[in-house]
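**Q** One structure, as structure tokens, below. Some questions next.
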Amino acid sequence: MGHTVRLRGEFWPQDHWGRVTNAAIAREQIAQPALEAADEAADAALERFGDRLHSVYLSGPAARGRPGGAAFFVLLRLGANDMRSNESWESAIASQLRRRHPRVGRVAVAVFNWKDVFTTDGAFSPARFRLAVNSVCVAGRNMTRMLAPQRIDSAAMNGDILGFRPRMLNAAGRLAAARAPDRVRAAAMDAGHAVLAAAFALVMDREQMYTEDLDLRRDLFTLNYPGRTKDLAEAYAMATRPSPDAMKALVFIDNACRWLTPMTDAWLNANNPQRAEQLKA
């Protein structure tokens, strides 16, 4: 009888000064299902943005040759800012890619304007961080070589902590409206990811390590807060084996918000009292 062995997570490579470097593998090493999804994502981006499109990047576990899903980042040219909201398009393309490429797993899509990445005011850029630490160009001109290794500091932590409550509210709203089991599981999975991301962000500066792998995010937080071991185990289960039961997922969201929100609020009060989306780097 065979046994399934879950692949353990990895810490990101860091340079001599402790800055996080790009963990993505070369394009030619990317698994074929992820490359096929990347080609479709690039085609969809070209259809929507035309000559405003600069490049498309593969991120997430697939960019490191690992199972667990993929993210696609669409970078627009300088001066080609899209005044339309892209949230509906991002969600629709992500759903399409999940449906047409089920072997890839969880899929996310994000559109970045040029100035989202290359800021001029010295502010930390979440988009630049995501591209710099885990991405491989799959279409257009590769800009990752222009991105310096990233520091682990409060600016890098801010996005996942500030975004925790909105992500949980979004997941709860989707669960309330969901009828199909696949939609329930997708929303529940996002809630589990939100908990693990915020929890890890709370200890990232202290640990001076970076990872996007869920098991290590869980383990590093519980190492610092052993009393929350059960809560993080539930979040990990929801992120990796999401429940098709909407009520169970809603109870998980309610419980997670009750214990984690005071911790995220305390961090924000100390480090970002204005609740700014971007802090100075």
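**Q** Please go through (1) among the charged types (D, E, K, R); (2) farther than 14 Å from residue 11 by Cα; (3) surrounded by 15 or more Cβ atoms within 10 Å (Cβ to Cβ) for residue 207 and return the number of the only condition it doesn't satisfy.
**A** Residue 207 satisfies all of (1) among the charged types (D, E, K, R); (2) farther than 14 Å from residue 11 by Cα; (3) surrounded by 15 or more Cβ atoms within 10 Å (Cβ to Cβ) except (2).
**Q** Given the criteria over 28 Å from residue 253 (Cβ atoms) and out of contact with any Lys or Arg (no Cβ under 8 Å at 6 or more places or on another chain), does residue 132 qualify? Give the steps one after another, and end with the answer.
**A** Values: over 28 Å from residue 253 (Cβ atoms): yes; out of contact with any Lys or Arg (no Cβ under 8 Å at 6 or more places or on another chain): yes.
It is true that residue 132 is over 28 Å from residue 253 (Cβ atoms) and out of contact with any Lys or Arg (no Cβ under 8 Å at 6 or more places or on another chain).
**Q** Report, by residue number, each residue of region 83-134 that is out of contact with any Asp or Glu (no Cβ under 7 Å at 6 or more places or on another chain) and under 20 Å from residue 25 (Cβ atoms).
**A** Within region 83-134, 103, 104, 105, 106, 107, 108, 129, 130, 131, 132, 133 qualify.
**Q** Shifting gears a bit: So which residues in region 104-158 are β-branched (Val, Ile, Thr) and touching a Phe, Trp or Tyr at 6+ places or on another chain (Cβ under 7 Å)?
**A** 109, 133, 136, 138, 152 - these are the residues of region 104-158 that are β-branched (Val, Ile, Thr) and touching a Phe, Trp or Tyr at 6+ places or on another chain (Cβ under 7 Å).
**Q** State whether one or more residues within region 157-165 are more than 15 Å from the chain's Cα centre (by Cα) and among the polar types (S, T, N, Q).
**A** No, region 157-165 contains no residue that is more than 15 Å from the chain's Cα centre (by Cα) and among the polar types (S, T, N, Q).
**Q** Regarding residue 62, is this residue surrounded by 22 or more Cβ atoms within 10 Å (Cβ to Cβ) and out of contact with any Lys or Arg (no Cβ under 6 Å at 6 or more places or on another chain)?
**A** Values: surrounded by 22 or more Cβ atoms within 10 Å (Cβ to Cβ): yes; out of contact with any Lys or Arg (no Cβ under 6 Å at 6 or more places or on another chain): yes.
Taking the combined requirement at face value, the residue satisfies it.
**Q** If you don't mind, another one. Take residue 236 and tell me if it is free of Cβ contacts under 8 Å to residues at least 40 places away in the same chain and aromatic (Phe, Trp, Tyr). Lay out the reasoning, then the answer.
**A** Values: free of Cβ contacts under 8 Å to residues at least 40 places away in the same chain: no; aromatic (Phe, Trp, Tyr): yes.
Against the criterion (free of Cβ contacts under 8 Å to residues at least 40 places away in the same chain and aromatic (Phe, Trp, Tyr)), residue 236 does not qualify.
**Q** Starting from region 249-266, take each residue that is farther than 15 Å from residue 191 by Cβ and list its partners that are surrounded by 14 or more Cβ atoms within 10 Å (Cβ to Cβ) and modelled with pLDDT of 95 or more, counting only C-beta distances under 7 angstrom and pairs at least six apart or across chains.
**A** Here the result reads 263/202, each pair linking region 249-266 to a residue that is surrounded by 14 or more Cβ atoms within 10 Å (Cβ to Cβ) and modelled with pLDDT of 95 or more.
**Q** Quick one: count up the residues across region 65-78 that are part of a loop (DSSP other than H, G, I, E, B) and surrounded by 21 or more Cβ atoms within 10 Å (Cβ to Cβ). Quick ask: steps written out before the conclusion?
**A** Keep residues of region 65-78 that are part of a loop (DSSP other than H, G, I, E, B), which gives 65-69, 77-78.
Now drop any that are not surrounded by 21 or more Cβ atoms within 10 Å (Cβ to Cβ), which leaves none.
Number of matching residues: 0.
**Q** Filter region 84-119 for residues that are basic (Lys, Arg), touching a residue at least 40 places away in the same chain (Cβ under 8 Å) and assigned to a loop (DSSP other than H, G, I, E, B); which is surrounded by the fewest Cβ atoms within 10 Å (Cβ to Cβ)?
**A** Going through the qualifying residues, I end up with 103.
**Q** So in region 8-59, with the set limited to residues that are loosely packed, with under 12 Cβ neighbours inside 10 Å and among the hydrophobic types (A, V, I, L, M, F, W, C), which one is nearest to the chain's Cα centre (by Cα)?
**A** Across region 8-59, the extreme among qualifying residues is 26.
The values are calculated or read from the model by the stated rules, or taken from the named source; none is laboratory data. What you see is a predicted model, and the numbers here were worked out from it, not measured in a lab. Ideal geometry is used to build each Cβ from the backbone, glycine not excepted, and the neighbour counts take in all protein chains shown.
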